[in-house]
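Read-outs throughout are calculated quantities, based only on the coordinates presented, and are distinct from any laboratory measurement. Everything numeric here is computed off the predicted structure, so don't read it as measured data. With ideal geometry, Cβ positions are generated from the backbone for all residues, glycine too; neighbour counts draw on all protein chains shown.
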Amino acid sequence: MPGSEFVLAGLFGLIVATTLGGALLAVLATRVIRSVAGLAICAVGLAGCYAFLQSPFLALMEILIYVGAVCVTIIFGVMLTEPDEPPPPESHRREAWWGGAALLVGAAVFGGIARLGLTGAWPAAAARPADGSVQAIGVALLTTYSLPFELISLVLVVAILGALVIARRGRGGP
Amino acid sequence: MSPLHLYDRPAVYLVLAAFLLAAGGYGLVRRRTFIGMLISGELIFSAAALNVLALNRFVAPDPAKGQVFVLFIIGLAAAEVAITLSIIIAIYRNYRSIHSKELAELKG
């Protein structure tokens with residue numbers, strides 16, 4: 001089709017803008033619930049990036065886990081505590097100094113790594129014997145990576161049990 | 001290089017991942033509550049996953065390996081969120097606050 005590449009380019013621009021806007025909202029919003037919404041938007045944009053990187057299975061997993069599980073869990077945390085940022089108690093000048101320092105560090109990190117990514121001579125992929133299909137991922141998970149696969153399920157079980165134990169202690173009044 | 005085929009270049013994804021990492025670091029410094037810091041940490045996890053997946057798509061010979069790796073990253077991020085939220089709730093029960101300024105003592 002003649003116009004399909006314009007549609008693809010527009011879609012890619014939209015996805016990148018979604019990711020950037022979600023990340024900015026997650027970091028800069030003052031209400032924490034808006035910050036969680038920013039994380040969800042950022043996860044949707046990242047899922048689009050994964051789809052453009054020829055990993056549709058990971059795009060599905062990103063939406064399922066980040067939007068469906070992580071953000072909902074954080075919202076539970078928001079409901080159980082009172083996470084809104086207090087008005088800054090320190091002086092205005094000190095606040096501005098910290099903000100400037102954090103912005104400087106963030107800009108330095110971004111500039112340095114973006115420069116590395118832009119100027120690096122990335123070699124093109126050699127022969128690609130396998131495709132990245134869902135079938136290939138499943139075979140890799142159950143043959144080559146069966147030990148890490150079992151280990152990560154163990155990690156998840158330990159995390160669930162640890163979360164239950166930690167959050168249970170102290171119940172019945174502080 | 002034409003801007004129409006920008007999605008076929010690794011540099012776009014790498015710069016996007018660098019931005020996510022920088023935003024996460026900025027949020028970790030600036031946020032004054034633990035849940036805000038947790039969200040910034042999730043941004044850093046996402047930056048790592050995007051970086052791995054971009055290099056996997058454009059440089060690596062076997063595209064299934066990087067996807068498995070990113071699946072592990074996502075699983076570890078989920079485990080981290082569960083642990084961190086339980087710690088936050090335990091802290092809130094004890095201190096009635098999750099503002100990082102007020103939790104400056106280690107002895108409980």
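Numbers at a glance
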| item | result |
| --- | --- |
| Viscosity 0.692 mPa s, temperature 37 °C, Stokes-Einstein D of segment A:1-69 from Kirkwood C-alpha radius, µm²/s | 263 µm²/s |
| Relative compactness, segment A:132-174, computed as alpha-carbon Rg over 2.2 N^0.38 Å | 1.86 |
| Percentage relative contact order, chain B, counting C-alpha pairs under 8 Å, at least six apart | 26 percent |
| 5 Å binning of all Cα-Cα separations within the protein assembly as shown, expressed as whole percents from 0 upward | 1, 5, 11, 15, 16, 16, 13, 10, 6, 4, 2, 1, 0, 0 |
| Descending principal axes extents, chain B, alpha-carbon based, whole Å | 57, 27, 19 |
| FRET efficiency for A:Ser4 and B:Ile73, using Cβ-Cβ distance with R0 set to 30 Å, rounded to 0.05 | 0.40 |
| Helical segments meeting 24 Å axial Cα length and Kyte-Doolittle 0.0 threshold in chain A (DSSP H) | A:4-28, A:32-52, A:92-119, A:146-168 |
| Fluctuation leader among B:Gly75, B:Gly24, B:Gly41 - chain B, Gaussian network, Cα springs under 10 angstrom | B:Gly75 |
| Residue-averaged 222 nm ellipticity for chain B, from DSSP H runs of 4+ at -39500 (n - 2.57), nearest 500 | -26000 deg cm²/dmol |
| Amide hydrogen neighbours beyond the local backbone of B:Thr33, cut-off 5 Å, H modeled | B:Ser100 |
| A:Val134/A:Ala108 FRET efficiency (R0 51 Å; Cβ-Cβ; nearest 0.05) | 0.80 |
| Net charge contributed by nearby residues that have their C-beta within less than 11 Å of A:Ala43 (K/R +1, D/E -1) | -2 |
